[in-house]
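The values are calculated or read from the model by the stated rules, or taken from the named source; none is laboratory data. Keep in mind the model is a prediction, meaning the values are calculated, not measured. Because the Cβ atoms are built from the backbone with ideal geometry, glycine has one as well, and the counts that use them run over all protein chains shown. Each accessible area value is taken on the protein alone, full model and side chains, heavy atoms only, with ligands, DNA and RNA left out. Shrake-Rupley method; radii C 1.70, N 1.55, O 1.52, S 1.80 Å.
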Amino acid sequence: MNNYILEIRHKLNAAIIPVGPKKIPLNKQWQTLKLTSQELEGYTNAVNFGLVCGTISDGIETLDIDLKVLDTKEERDIYEKDLLGYLSDNVDNFYNKVAIYRTLNNGLHIIYKAGNIEGNQKLAKVKGKAEAVIETRGIGGYVQIYPDFHHKGLKYEEITKITNEDRSILIE
């Protein structure tokens, strides 16, 4: 357990869960509980930790961008540039409102707090592909924490609440 995970938990008032290989929680029931710092410190066998989204974590929601769905690096680069360009053009001070982290598969997590979050949703699919390229992780969801993969914007512990209007733009 590293102190940064505890700092994230404390500053965000968030639920953090230990996860094992393949980002699977060591106990699925933890997604509905807030483990204490002492309980988290006891899980030395955790490969990593997950940030639980939803109301249990003070309204944290994540846009999970799975760029691996796209076939080529060029497609992935263009999609990422266009998506972040659209969001930064349409959400005032976008990079001062969200945390953006890379994932192990070179995708993105765009993380924020909002008052009008919902359950996990598939938002965008690529024609001919079964997997969604953009999904939300909200009530009932979680994302793995990647402290070393900060990309742009805020850091985990700095995430603040965005307006309902900003969230609507993100979900569009």
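Can you work out the accessible area per residue across the chain, with the rest of the protein chains kept in place, probe 1.4 Å, in square angstrom?
51 Å²
Given Y112, V98, V52, which one lies farthest toward the positive end of the charge dipole of the stretch 24-113, if we put +1 on the Cβ of every Lys and Arg and -1 on the Cβ of every Asp and Glu?
V52
Whenever you get a sec, compute what percent of the accessible area on the chain sits on carbon and sulfur atoms (1.4 Å probe).
With neighbouring chains kept in place, the figure for the chain is 47 percent.
From the list (1) 21.5, 68; (2) 17.8, 58; (3) 15.5, 47, can you say which value of Rg and Dmax of the Cα atoms in Å was derived from the structure given?
Of the labelled values, this structure produces (3).
Which of the lysines could a cross-linker bridge to K73, judged by Cα under 21 Å and excluding same-chain residues fewer than eight apart?
Within the straight-line limit of under 21 Å, K73 reaches these lysines: K81, K125, K127, K129, K152.
Principal axis extents for the stretch 1-76, Cα atoms only, whole Å, descending order, please.
Cα extents, longest axis first: 45, 28, 23 Å.
Could you compute the FRET efficiency for D71 and N13, with r as their C-beta to C-beta distance and R0 at 35 Å, rounded to 0.05?
Computed FRET efficiency for D71 and N13 comes out at 0.30.
7 Å from Cα along Cα→Cβ at both S168 and D148: what's the point-to-point distance in nm?
4.2 nm
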